[in-house]
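The values are calculated or read from the model by the stated rules, or taken from the named source; none is laboratory data. These figures come from a predicted structure and were not determined experimentally. Every residue, glycine as well, gets a Cβ built from its backbone with ideal geometry; the counts of neighbours run over all protein chains shown. Please note that ligands, DNA and RNA were not included when accessible areas were found on the heavy atoms of the full protein model with its side chains. Shrake-Rupley method; radii C 1.70, N 1.55, O 1.52, S 1.80 Å.
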Amino acid sequence: MQTKKNETASGLLMPLPKHVEQKDGAFRLHMGTTISYDPIFGEVVELAREQLACNIGGEDILFKLVEGFGEDCYRLKVGKNQIVVSSTYPSGGFRALQTLRQMALANDNLIPCCLIEDEPAFPWRGFMLDCSRHFFSVAFIKKLIDVASMHHLNRFHWHLTDDQGWRLTVEGYERLEEVASKRTLLSYTDGRTYGGVYTDEEILEVQAYAHKRHMLVVPEIETPGHASALLSAYPTFGCTGGPYEVQDRWGIFDEVMCAGNDNLLQFLQEVITKTARLFSDPYIHIGGDECPHTAWETCPKCRQRMEEQGLASVKELQSWMTSQVCTMVEKAGKRPIGWDEVLEGTEKLGIPSSLIVMSWRGDAGGIEASSLGHDVIMCPNTAGCYFDYKHLPSFDEPGNIGVTTIEKTAQFSPIPKGISKEAQCRILGGQGNLWTEKVTSAKAAEYMFFPRLSVMAERLWNPQPFASVEERRPSLEKKLTRLDINLYRGASV
Ligand code: ACM
Ligand code: ZN
């Protein structure tokens, strides 16, 4: 059987695999297609039954266990009569399944014959969703994880707390749900509120769903800034004692967690302990960005803490807070991640050695942190990683602050220019971030994410020139449309 002209495996895939050999003909996937598998691929094949609509039994598709492949690596042989997936780990089998799924979706179940050998360029391939500024349903989060995993992404960074809403429950702190999770919609005059929390059961459900798709979940508990929601529920955790409000507008607010308050530290300890217990993956993000020190300057408790600890400035006080929270995370058995502000004010205390730095204000934080021996995740807002920005510099496009064209994302490299060879190996990868100040619904979030997230995934798996991305946009649009994604279809530059 012949595929239509140009419908090669390479033309249908994003990310493009590391090695593709095109062969003649195609495998037709149909209702009767059968799968056999080595038992280590049992869970992958459960998904294959859903995603390819196949049945267990015969050997039309064979998942074979072979030695010698790394995590996420696989070989895929598509013949006219049989497909053979070879891999050492279930994660490799899963990536192969997603490659098959992409070709089936993009080409009406006709999978071009080919030989693919594939492996990722970077281990950290992520996306972040801000669920504080606007609340997103578990159903939508699962949909995003599924589509992201189809592009070989493997980290879901879940931003759970901020000025406009706190999304986690903590026993003994009931006002988090009662007060901190809801903001008053000031644009209405009838006291209408907006928000909610994710229950522990929902969080477990999201993790189970992500893990089945070989994606880790990274919760972010923002400290010590962006804390209005928390302070509205527990005003004594702020420097002035309030009153505070869960914010209904966007920005950076002067009132933050009081670094001189031992009860606040006790609270953070309980939140981190709970988060570490509830989330089974190795990382907890502790925030650290955009924390004004105005309130600390005049707060007697903060001044006393500085004196006690011999800290010369409020910047050093933030570094002290970072060290405290990192210690809590480490004691709970997890690895801390912080936004690049964690590098500031560290003259006296240094930077906790296990801390992974997430570089968002350009490349500089990533270069500095990696040269100091820290692992780094790159998501510079200057280089195509911020998806809250407009797709084009047009008044008519939705978006916040800046512009991230598809071309810009297609040129992103997690390896910053000018970084030393030695530091380069500290770059774990990168991610695309969606802040949702102006993203009010799941459908709007899809429009901001796609197709930029697909393009980002390729930068992290197997970077290709922009022209090649452009050539594959029609097949990408077809796949995303079939998955009911409300994607942006406009110009790339
Ligand atoms: C950030 O964008 N404030 C990390
Ligand atoms: Zn204070």
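The table below gives the values:
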{"read-out": "Surrounding net charge for MET215, when Lys and Arg each add one and Asp and Glu each subtract one, Cβ distance under 12 Å", "value": "+3"}
{"read-out": "Per DSSP, loop trypsin sites (Lys or Arg not before Pro) in region 186-291 with at most 15 further Cβ within 10 Å", "value": "ARG192, ARG249"}
{"read-out": "DSSP bridge pairs, the chain: antiparallel proportion in percent, nearest 5", "value": "35"}
{"read-out": "Region 22-123: antiparallel DSSP beta bridges as a percent of all, rounded to 5", "value": "55"}
{"read-out": "Burial order of peptide ranges 353-366, 218-231 (average beta-carbon count within 10 Å, highest first)", "value": "218-231, 353-366"}
{"read-out": "Computed log₁₀ I(q)/I(0) - Debye formula, equal Cα scatterers, no solvent, the chain, q 0.07, 0.13 Å⁻¹", "value": "-0.39, -1.22"}
{"read-out": "Nearest-ten-degree value, helix 90-106 long axis tilted from longest Cα axis of the chain", "value": "70"}
{"read-out": "Kirkwood hydrodynamic radius of region 244-398, Cα pairs, Å", "value": "17.0"}
{"read-out": "Phi-based couplings in Hz for region 233-241 (Karplus 6.51, -1.76, 1.60; Gly and Pro marked x)", "value": "7, 10, x, 6, 6, x, 6, 9, x"}
{"read-out": "Surface share of carbon and sulfur [accessible, 1.4 angstrom probe, percent] for the chain", "value": "50"}
{"read-out": "Order of exposure, largest accessible area first, which applies to HIS391, HIS19 with probe 1.4 Å", "value": "HIS19, HIS391"}
{"read-out": "With Cα atoms, 0 to 90° folded angle of helix 473-482 axis to the chain main axis", "value": "80"}
{"read-out": "Distance from region 42-62 to region 88-162 (C-alpha centre basis), Å", "value": "18"}
{"read-out": "Calculated [θ] (222 nm, deg cm²/dmol) that DSSP helices of n ≥ 4 give over the chain, each run adding -39,500 (n - 2.57)", "value": "-9500 deg cm²/dmol"}
{"read-out": "In sequence order, calculated HN-Hα J values of region 281-286 (Karplus, 6.51, -1.76, 1.60; Hz; x Gly/Pro)", "value": "7, x, 10, 10, 8, 10"}
{"read-out": "Region 1-91: GluC sites (Glu not before Pro) falling in loop per DSSP and having at most 11 other Cβ within 10 Å", "value": "GLU67"}
{"read-out": "List VAL403, VAL246, ordered by accessible area with a 1.4 Å probe, largest first", "value": "VAL403, VAL246"}
{"read-out": "About the Cα centre, charge dipole magnitude for region 1-107 (Lys/Arg +1, Asp/Glu -1 at Cβ), debye", "value": "480"}
{"read-out": "Acute angle (nearest 10 degrees) that the helix 200-212 long axis makes with the longest principal axis of the chain, alpha-carbon atoms", "value": "40"}
{"read-out": "Accessible surface, per residue, of region 26-146 when the full set of protein chains is kept, probe 1.4 Å, Å²", "value": "34"}
{"read-out": "Listed residue pairs exceeding 29 Å between alpha carbons, taken from LYS443/LYS478; LYS182/LYS479; LYS142/LYS417; LYS142/LYS274; LYS18/LYS64; LYS390/LYS478", "value": "LYS182/LYS479; LYS142/LYS417"}
{"read-out": "Loop chymotrypsin sites (Phe, Trp or Tyr not before Pro), region 118-219 (other Cβ atoms within 10 Å of the site Cβ: 12 or fewer; DSSP)", "value": "TYR188"}
